[in-house]
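Q: Have a look at the structure that comes next, please.
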Amino acid sequence: MVEASHPVPDSRGVEAARRIAGLVDGAAQDDLVLVVISGGGSALLTLPATGLTLEHLQETHELLLRSGAPIQAVNSVRKHLDQLKGGQLARRAAPAQVVSLILSDVPGDPLHVIASGPTVPDPTTFLDAHRVLQDHRLWEKVPEAVRSHITRGVEGEIPETPKPGDPVFRTVHNMTVGSGATAAEAALEAGERLGFKGAILTTELCGEAREVGQVIASLAREVVRCGRPVPRPGLLVLAGETTVTVRGSGKGGRNQEAALAAALGIAELDGVVLCFVGTDGRDGPTDAAGGMVDGGSVGRMIAAGIDPRAALLNNDAYTALRASRDLVVTGPTGTNVADLCVVAVGARSHR
């Protein structure tokens with residue numbers, strides 16, 4: 001086992017990726033290559049393309065992760081700066097039999113996006129990567145070597161990643177073995193055993209975290225006031241992955257930011273608990289998995305001297321949730337199927 005850095009790659013990951021490349025380069029037709037993939041693989045399995053360095057990729061990844069770009073867009077760039085992503089591991093392993101068992105952390109389970117799809121046909125192109133950097137105003141910010149590499153790819157000077165229909169995939173078998181839907185179904189079953197009437201609303205939750213948090217809060221208010229879309233005691237479960245456009249200087253992660261935004265939307269509302277967590281136990285560059293808030297969270301923040309709205313504007317959800325004692329800290333869970341959101345509304349008070 002080789003430990004390496006996530007979400008920004010490091011030299012340990014590069015060395016491990018180089019060893020993996022050496023293994024599959026020697027595979028023959030009678031060999032079986034067994035690949036186990038989970039979310040996080042985009043950072044952990046990093047082998048910079050010719051002409052690029054780890055530092056070039058680190059700087060580019062940092063910019064992408066702070067841009068608010070969805071993971072599909074981020075990984076379309078990563079695939080075109082690497083020697084193994086975007087089906088290139090499968091290309092190197094051909095003509096061996098390749099079996100990939102994939103644990104999905106991406107809403108909708110698009111296999112080419114999970115860990116940047118090292119054994120999956122890549123429908124994206126160098127032109128797509130160029131557009132992502134342009135659309136998110138990063139083209140002039142990424143290293144010049146990255147711009148040059150992508151430009152050469154667009155102009156056809158660098159081979160594309162292998163596409164759907166490429167013969168290298170004739171002996172490749174990709175199978176999903178777990179996903180956000182797995183976690184959502186387990187959460188719903190646990191809630192129903194406790195007496196809640198529940199529903200899974202989506203396993204493709206996405207969007208800006210603070211906006212998603214506001215929407216989730218409105219769903220909780222609907223259950224409280226109207227008994228929709230489930231009666232009280234009700235449980236709503238959602239799974240997926242939001243994004244954060246970092247504009248402030250605070251500390252937090254997408255689940256903490258969604259929880260803080262939701263807390264503002266349920267302030268002083270009785271009988272409601274909202275939980276937003278990363279299933280891997282880590283949310284952003286913090287020790288927390290996410291946040292679990294209730295109608296008293298905002299009051300506790302204010303009592304502790306924290307302005308929750310200012311904290312949200314500064315992307316400082318960690319500080320606010322720590323002050324209100326609403327951080328969820330689990331430590332590493334050993335799995336990664338994206339994020340889970342649970343809305344719990346208790347039985348109606350008879351006071």
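Q: Output the number of residues of the range 6-26 satisfying the condition of being in a loop (DSSP other than H, G, I, E, B) and at pLDDT 95 or above. Reasoning before the result, please.
A: Filtering the range 6-26 down to residues in a loop (DSSP other than H, G, I, E, B) leaves 6-10, 26.
Add one more test, that the residue is at pLDDT 95 or above, and what stays is 9-10.
Residues that pass the stated criteria total 2.
Q: With respect to residue 125, is the statement that it is in contact with a Ser or Thr (Cβ under 6 Å, 6 or more places away or on another chain) and polar (S, T, N, Q) true?
A: For residue 125, the condition - in contact with a Ser or Thr (Cβ under 6 Å, 6 or more places away or on another chain) and polar (S, T, N, Q) - is not met.
Q: In the range 312-342, what count of residues is obtained for those that are crowded, with 24+ Cβ neighbours inside 10 Å, over 30 Å from residue 41 (Cβ atoms) and among the aliphatic types (A, V, I, L, M)?
A: 1
Q: Looking only at the range 152-187, how many residues end up being within 21 Å of residue 54 (Cα to Cα) and surrounded by 14 or more Cβ atoms within 10 Å (Cβ to Cβ)?
A: Residues in the range 152-187 being within 21 Å of residue 54 (Cα to Cα) and surrounded by 14 or more Cβ atoms within 10 Å (Cβ to Cβ): 4 in total.
Q: Same structure again: Quickly run through the range 197-214 and pick out the residues that are surrounded by fewer than 17 Cβ atoms within 10 Å (Cβ to Cβ) and part of a helix (DSSP H, G or I).
A: Selection gives 211, 214.
Q: Quick one: count up the residues across the range 29-57 that are part of a helix (DSSP H, G or I) and surrounded by fewer than 19 Cβ atoms within 10 Å (Cβ to Cβ).
A: Quick first cut of the range 29-57, residues part of a helix (DSSP H, G or I) only: 41-44, 54-57.
Filter once more, so that each one left must be surrounded by fewer than 19 Cβ atoms within 10 Å (Cβ to Cβ): 54-55.
So the answer is 2.
Q: Criterion first (under 24 Å from the mean Cα position of the chain (by Cα) and either among the aliphatic types (A, V, I, L, M) or at pLDDT 95 or above (or both)) does residue 269 satisfy it? Steps first, please.
A: Numbers: under 24 Å from the mean Cα position of the chain (by Cα): no; either among the aliphatic types (A, V, I, L, M) or at pLDDT 95 or above (or both): yes.
For residue 269, the condition - under 24 Å from the mean Cα position of the chain (by Cα) and either among the aliphatic types (A, V, I, L, M) or at pLDDT 95 or above (or both) - is not met.
Q: Among the residues of the range 300-351, write down those that are among the hydroxyl-bearing types (Ser, Thr, Tyr) and not in a loop (DSSP other than H, G, I, E, B).
A: Within the range 300-351, 318, 319 meet the criteria.
Q: Keeping to the range 42-66, report how many residues are under 18 Å from the mean Cα position of the chain (by Cα) and under 24 Å from residue 111 (Cβ atoms).
A: So the first thing to find is which residues in the range 42-66 are under 18 Å from the mean Cα position of the chain (by Cα), and the list is 42-46, 58, 60-66.
Next cut, under 24 Å from residue 111 (Cβ atoms) only: 42-46, 60-61, 64-65.
Total satisfying the criteria: 9.
Q: Residue check, residue 113 against (1) in contact with a Lys or Arg (Cβ under 9 Å, 6 or more places away or on another chain); (2) crowded, with 24+ Cβ neighbours inside 10 Å, all met but one. Which one?
A: Evaluating residue 113 over (1) in contact with a Lys or Arg (Cβ under 9 Å, 6 or more places away or on another chain); (2) crowded, with 24+ Cβ neighbours inside 10 Å leaves (1) as the failure.
Q: Can you say whether residue 60 is of a type in the set (Val, Ile, Thr) and surrounded by 22 or more Cβ atoms within 10 Å (Cβ to Cβ), as far as the supplied structure shows?
A: yes
Q: Output the number of residues of the range 270-299 satisfying the condition of being part of a loop (DSSP other than H, G, I, E, B) and out of contact with any helix residue (DSSP H, G or I) (no Cβ under 6 Å at 6 or more places or on another chain).
A: Qualifying residue count, the range 270-299: 12.
Q: Still on this structure, please answer the following. Hey, could you check the range 224-243 for residues that are part of a loop (DSSP other than H, G, I, E, B) and at negative phi and say which is surrounded by the most Cβ atoms within 10 Å (Cβ to Cβ)? If you could, list the steps in order and put the result at the bottom.
A: Filtering the range 224-243 for residues part of a loop (DSSP other than H, G, I, E, B) gives 227-233, 241-242.
Those left that are additionally at negative phi: 228-233, 241-242.
Working: 228: 10, 229: 12, 230: 19, 231: 14, 232: 16, 233: 18, 241: 22, 242: 25.
Looking at residues that are part of a loop (DSSP other than H, G, I, E, B) and at negative phi, I get 242.
The values are calculated or read from the model by the stated rules, or taken from the named source; none is laboratory data. The shown structure was predicted, so the numbers you read here are calculated from the model rather than taken from an experiment. Glycine gets a Cβ as well: all are built from the backbone with ideal geometry, and neighbour counts include every protein chain shown.
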